[in-house]
1. Is it true that residue 99 is closer than 21 Å to residue 193 by Cα and either at pLDDT 95 or above or of a type in the set (Lys, Arg) (or both)?
2. Inside the stretch 382-410, can you point out the residues that are modelled with pLDDT of 85 or more, assigned to a loop (DSSP other than H, G, I, E, B) and closer than 16 Å to residue 464 by Cα?
3. Which is on the phi > 0 side of the Ramachandran plot and at pLDDT 95 or above, of 141, 73?
4. Show the residue pairs that are 6+ apart or on different chains and have beta-carbon atoms under 7 Å apart, the first residue being within the stretch 215-230 and in the same structural domain as residue 174 (by TED's automatic domain parsing), the second being among the charged types (D, E, K, R) and not in a loop (DSSP other than H, G, I, E, B).
5. Scan the stretch 166-209 residue by residue and report those that are free of Cβ contacts under 8 Å to residues at least 40 places away in the same chain, more than 20 Å from residue 103 (Cα to Cα) and not in a loop (DSSP other than H, G, I, E, B).
6. Before we move on, is residue 146 within 18 Å of residue 72 (Cβ to Cβ), modelled with pLDDT under 95 and either in the same structural domain as residue 230 (by TED's automatic domain parsing) or in contact with a Phe, Trp or Tyr (Cβ under 6 Å, 6 or more places away or on another chain) (or both)?
7. Return the total of residues in the stretch 133-154 being out of contact with any Ser or Thr (no Cβ under 9 Å at 6 or more places or on another chain) and assigned to a helix (DSSP H, G or I).
8. Looking at 428, 416, which one is of a type in the set (D, E, K, R), in a strand (DSSP E or B) and free of Cβ contacts under 8 Å to residues at least 12 places away in the same chain?
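The values are calculated or read from the model by the stated rules, or taken from the named source; none is laboratory data. Just so we're clear, the structure is a prediction, and the values are computed from it rather than from any experiment. Cβ coordinates were reconstructed from backbone atoms using ideal geometry, including for glycine residues, and neighbour counts include every protein chain displayed.
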Amino acid sequence: MKKLIIGIFISTFLVNILGGSFVQAAGIADISLASEYQTWKQRFVSANGAPSGSLRVIQPENDNVTVSEAQGYGMLLALYNDDRDTFEKLWRYVEFYKDERGLMHWKIDKSGVITGKNAATDADEDIGYALLAASKRWKVYETEARAYINAIYTYEVEPGTYVLKPGDVWGGSDATNPSYYAPAYYREFARFTQNEGWYKVIETCYEIMKRARHPETGLLPEWTTINGTSSERITWNSNKDNFSYNAIRVPWRIALDWIWSGDPRAMEVMDPMMEFFANEEILRSGYRLDGAPIVNYFDAAFAAGIAAGSKASKNPLFTAEMAERLVSMTTETYYGASLRLLALLLVTNNFPNYGIVFDILPVLPPDETEFPALIEVEHPKDGGRISGEKKLKIFVEDVDPDIYRATYEVDSQGEKEMEVSGKYHQAKIIFDDWIWNGEGPYTIVYRIYNSSGEQTAQKTVRLFVKH
């Protein structure tokens, strides 16, 4: 019975956090992710030019240089393919090339010479999350993960504004890159390090994207400012105000937040963008923000971004179409191949949030009572419309409410405790004060913790508010 309960819970939980609305495409059913990973690894992972006992991800099309971004992608791909040996050797390379702030220098040539000093934030957050997830999956790297994530916050988040900087020594309000925004990670960084400042980074990322995006296409520029305007500081990128090869990562990162957290702001960013792509007769690998194409071809890097983003689309047929198209496309370039494989993991529901998955069941209370940890919502129900002063009420069937803690979190604004009342945990809410998202939807995440402080369940509901 215990195994059955645990199995049912894990299945239900994984469907919730992975986004169960995926429509299977014909090509997806036949793809071997293990084979795809091995092909990628053979082509782009090398010990040549790497310190002893380490590995690096190379760019064959660019004289076999290594950039920190590549190490981050490689660590994620090794993690999700349960390739611990490769993960450890990629991490050793990162450690060898850390700067004085504890983050990896961004570019190393094939001989091991640092040719791009200081750190790049997009790489660092992928490395940081990979370490965090490894600490859950393999029970190692917890100390390293904490140190790396804390360094990201100290040096790559602008103090006071919470703007994500593009590197550890520059940028912020005058230059920020939306394709670096990874709110799905930041929620886990906050929980892992107990630093609530990460929630403010999430808020700022979504605020900037709202200001910077095109009002009709939803497309976002490569670079922007805290006000959503063109960044004068960026002088080397002719596409800084276009949707090009940096910006194509926005759909992947923001769709991931939708899948993992259900934050409605993620859908608000992604849906108009995906609607634009779905309505394009011929897709291109680059656009002005108004939707005018700037190139006349379509490649795997763009297919990857759009396919990943379509997981946060309200059009399941487009999701299926893009998944199938992604499977059929190949590329010889490091960047396109890496984004393609990351996107394939996402669209096949193989990119779970390891920050949570390995923290939950099987975990039992001290008295070994079977603990199904399936949260039941008494009121208000998912999709409900509510107003005035009401109570949130949840319970776990056949479990004494005094042996577990319950919290709720509204739109990623931080967890709050719920009080025990009879068989329920409850919290009094004045819904008329919920005005930041109009009538909604508002996302509430309920969490259950056992007496050891370990999370054993999570449930998400979405509510609408009558004003």
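1. Numbers: closer than 21 Å to residue 193 by Cα: no; either at pLDDT 95 or above or of a type in the set (Lys, Arg) (or both): yes.
For residue 99, the condition - closer than 21 Å to residue 193 by Cα and either at pLDDT 95 or above or of a type in the set (Lys, Arg) (or both) - is not met.
2. Listed by number, the residues that qualify are 387, 388.
3. Numbers: 73 fails: on the phi > 0 side of the Ramachandran plot.
One residue alone meets the criteria, 141.
4. Going by the 7 Å Cβ cut-off, the qualifying pairs are 227/211; 228/211.
5. 200, 207
6. Details: within 18 Å of residue 72 (Cβ to Cβ): yes; modelled with pLDDT under 95: no; either in the same structural domain as residue 230 (by TED's automatic domain parsing) or in contact with a Phe, Trp or Tyr (Cβ under 6 Å, 6 or more places away or on another chain) (or both): yes.
When the stated conditions are applied, residue 146 does not pass them.
7. Start the filter on the stretch 133-154 by keeping residues that are out of contact with any Ser or Thr (no Cβ under 9 Å at 6 or more places or on another chain), which leaves 133-134, 136-140, 147-148, 151, 154.
Add one more test, that the residue is assigned to a helix (DSSP H, G or I), and what stays is 133-134, 136-137, 147-148, 151, 154.
Of the residues in that region, 8 qualify.
8. Details: 428 fails: free of Cβ contacts under 8 Å to residues at least 12 places away in the same chain.
Exactly one of 428, 416 is of a type in the set (D, E, K, R), in a strand (DSSP E or B) and free of Cβ contacts under 8 Å to residues at least 12 places away in the same chain, namely 416.
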